[in-house]
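First up is the structure itself, then whatever we jot down about it.
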Amino acid sequence: ETVCQVLDKHQRDPRKLIPVLQDVQKIYRYLPEEVLAFVATGLGLSPAKVYGVASFYANFALQPKGKYVVHVCDGTACHVKGAGDIRDGLYAALGLSDKKCTTEDMLFTVETVSCVGACGLAPVLTINEKIYGQVTCESAKALIDDIKAKEQQI
């Protein structure tokens, strides 16, 4: 029903596929395969076309993501200032790796991104779009610990 509301909001216009997918991803935090097929039918597009668009753009996720998505910038400035060590520290603290980027409890997803566009604050990470600059391994872990503590209170 919620996906139908998204389709209706965009007048079921196939030219609005990207905004439809953006709205659907806000609901699920990723694009489930069965929902992509439903969107294709609702817009009168082939499932291959919808999947092609969803898989082409890096902003779309085809796998479930955690409630908190941590992007570690690995642009040149951040890389030189230790972004890899920060990422590895977060992986270790959360039991993640390059192959497994979301925690079992679906609380955290850690991903590396090419550039956040805040080079003067390097190294940088974002948590759900909020930017944190001049991050260290210790301060990154402290951010995660703070979120965990807040989540336990909920």
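The values are calculated or read from the model by the stated rules, or taken from the named source; none is laboratory data. Values in this document were obtained by computation on a predicted structure and should not be read as measured data. Cβ: placed from backbone, ideal geometry, glycine included. Neighbour counts: every protein chain shown. Remember, those area values only see protein heavy atoms, side chains included, never the ligands or the DNA or RNA. Shrake-Rupley method; radii C 1.70, N 1.55, O 1.52, S 1.80 Å.
What number of residues in the range 21-45 are assigned to a loop (DSSP other than H, G, I, E, B) and charged (D, E, K, R)?
Number satisfying all stated conditions: 1.
Could you check the range 120-134 and list, in sequence order, the residues that are at pLDDT 95 or above and out of contact with any His (no Cβ under 6 Å at 6 or more places or on another chain)?
Hits for the range 120-134 are 120, 121, 122, 123, 124, 125, 127, 130, 131, 132, 133, 134.
Which one of these is within 30 Å of residue 138 (Cβ to Cβ) and either surrounded by fewer than 18 Cβ atoms within 10 Å (Cβ to Cβ) or touching a strand residue (DSSP E or B) at 6+ places or on another chain (Cβ under 6 Å) (or both): 13, 74?
From the options 13, 74, the qualifying one is 74.
Which ones in the range 55-71 are exposed (fewer than 13 other Cβ atoms within 10 Å of the Cβ) and either over 21 Å from the mean Cα position of the chain (by Cα) or of a type in the set (Phe, Trp, Tyr) (or both)?
Result: 56, 57.
Mind listing just one residue for me: the one in the range 121-137 that is out of contact with any helix residue (DSSP H, G or I) (no Cβ under 8 Å at 6 or more places or on another chain) and in contact (Cβ under 8 Å) with a residue 24 or more places away in the chain and, of those, farthest from residue 82 (Cα to Cα)?
The extreme case among them is 128.
Filter the range 144-154 for residues that are of a type outside the set (Asp, Glu) and open to solvent by 60 Å² or more (accessible area, probe 1.4 Å) and give the result.
148, 150, 152, 153, 154
With 84, 52, 89 as the choices, which residue is open to solvent by less than 30 Å² (accessible area, probe 1.4 Å), free of Cβ contacts under 8 Å to residues at least 24 places away in the same chain and out of contact with any Leu (no Cβ under 8 Å at 6 or more places or on another chain)?
84
Could you go through the range 118-133 and let me know if any residue there is open to solvent by 50 Å² or more (accessible area, probe 1.4 Å) and in a loop (DSSP other than H, G, I, E, B).
yes
Out of everything in the range 99-115 that is in contact with a Lys or Arg (Cβ under 9 Å, 6 or more places away or on another chain) and closer than 18 Å to residue 58 by Cα, what residue ends up being most open to solvent (accessible area, probe 1.4 Å)?
So, considering only residues that are in contact with a Lys or Arg (Cβ under 9 Å, 6 or more places away or on another chain) and closer than 18 Å to residue 58 by Cα, the one most open to solvent (accessible area, probe 1.4 Å) is 112.
Could you figure out which of (1) touching a residue at least 40 places away in the same chain (Cβ under 8 Å); (2) assigned to a helix (DSSP H, G or I); (3) loosely packed, with under 14 Cβ neighbours inside 10 Å; (4) not hydroxyl-bearing (Ser, Thr, Tyr) isn't true of residue 141?
(3)
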